[in-house]
1. If you check ILE163 against the conditions, is it more than 16 Å from the chain's Cα centre (by Cα) and within 21 Å of ASN243 (Cβ to Cβ)?
2. Collect the residues in the stretch 221-273 that are closer than 21 Å to GLN190 by Cβ and either free of Cβ contacts under 8 Å to residues at least 24 places away in the same chain or of a type in the set (Gly, Ala, Ser) (or both), keeping them in residue-number order.
3. Please verify whether the stretch 184-194 includes one or more residues that are part of a strand (DSSP E or B) and aromatic (Phe, Trp, Tyr).
4. Checking the condition of a type in the set (S, T, N, Q), crowded, with 21+ Cβ neighbours inside 10 Å and either at pLDDT below 95 or farther than 21 Å from LEU76 by Cα (or both), which residue from SER136, SER122, SER152 passes?
5. Could you list, in sequence order, the residues of the stretch 56-106 that are under 19 Å from GLN127 (Cα atoms), assigned to a loop (DSSP other than H, G, I, E, B) and of a type in the set (Ser, Thr, Tyr)?
6. Have a look at ILE105, ILE35 and point out the one that is within 17 Å of the chain's Cα centre (by Cα), under 19 Å from PRO233 (Cα atoms) and not small (Gly, Ala, Ser).
7. What number of residues in the stretch 210-228 are part of a loop (DSSP other than H, G, I, E, B) and surrounded by 18 or more Cβ atoms within 10 Å (Cβ to Cβ)?
Amino acid sequence: MSRDIAAIVLAGNGTNCEMETAHACRLGGFDTVDIITVWELVSGDASLDPYDFLCLPGGFLDGDDLGSAKAQANRLLHTVVKKTGAPLFPQFTSFIQNGKLILGICNGFQLMVKLGLLPALSGAFTQQVTLTNNDSGRFEDRWVWLKANPSSPCVFTKGIGTIYLPVRHGEGKFVARDSEVLDTLRKQNQIVFSYIDPETQAPTMKYPENPNGSQLSIAGVCDATGRLFGLMPHPEAYSHGTNHPRWSREDVPEEGMGPQLFRNAREYIAKNS
C-alpha cells in the first residue's frame with residue numbers, strides 16, 4: 001500500500017499566497033497539505049520532519065525590509081527553536097539531505113537565494129545570486145510566457161515546454177555575483193525557465209516580455225539535483241481556466257497550467273521514496 005505524501009506550505013510575516021499554493025498542492029495530488037507559520041517552527045510546535053515537500057509561497061515577507069525576504073532569511077539562519085534549544089536552520093539542511101523537494105515562488109524564490117539554497121553551485125549554502133529591483137523601477141503585475149529547459153534536471157518541469165503565468169513583484173531581476181556563476185548555471189542546465197518572446201519562442205531581454213531585466217532572461221533556477229527549484233512567476237495563480245486573463249474571450253482548458261509543476265513533484269516523491 002502506498003503511503004500518504006505530505007506537503008507543508010510555510011506562511012506568516014507577510015506571506016499572502018499560502019491558500020492558493022496549498023490548493024495547487026492538492027490539485028497536484030498531495031494527500032496531506034498543511035499551512036504552517038514560521039513561528040510554529042520557531043516555537044517547536046511544528047517541524048519540517050514529517051513532510052516530503054516544502055513550499056515557500058509568495059508575499060511580502062516582513063514588508064520586504066532589508067530587501068525581499070532578507071529578514072526572513074536572517075531569522076531562519078539565526079533562530080533557536082524554543083522547545084529544544086536547537087538551531088532552526090538544520091531542519092532545512094536535513095530536509096534537503098534526505099532527498100526531499102523544495103519549491104520557492106516569488107518571495108519564496110528570493111528567500112531561497114538569500115539562504116544560499118539556490119543555486120548552491122559549490123554545494124555549500126552561501127549566497128551566489130540575488131533578486132533585485134526591476135529595471136522598470138516599479139512593481140510589475142502582468143502575465144508572461146516562459147520556456148522550460150528540456151535539459152534541466154529540475155523534477156518540477158518534466159514534460160513542460162512553454163507555460164503562461166503571472167508575475168507580481170517589484171524585486172524580480174535575477175543577478176549573479178559574477179560571470180562565472182552565470183556560466184556555471186548555463187553549463188549545468190540549472191536555468192530552468194526563461195522569459196521568452198511568444199512569437200519567436202526565444203529568450204528575451206525585451207520589456208515587458210522580460211518584466212524585470214533578469215540576466216540571461218532567467219525566470220527560475222534549480223540546484224544541481226533538480227529537487228530545489230525557485231521561480232519568480234506564480235504557478236499557483238493559474239490553477240483554473242478562469243484565472244487566465246482572457247478566459248471569457250478565449251477557449252482555455254478548465255485546468256490552468258500551474259498544477260502540472262505540483263503534480264510532477266508528487267509523482268517524483270511517489271517514485272523515489
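The values are calculated or read from the model by the stated rules, or taken from the named source; none is laboratory data. Keep in mind that this is a model prediction, so the values were computed, not measured. Heads up, the Cβs are rebuilt from the backbone with ideal geometry, glycines too, and the neighbour counts pull from every protein chain shown.
1. no
2. Listed by number, the residues that qualify are ALA224, GLY226, GLY230, ALA265.
3. yes
4. It is SER152.
5. Selection gives SER68, THR79.
6. Step by step, each of ILE105, ILE35 is checked, and only ILE105 is within 17 Å of the chain's Cα centre (by Cα), under 19 Å from PRO233 (Cα atoms) and not small (Gly, Ala, Ser).
7. 8
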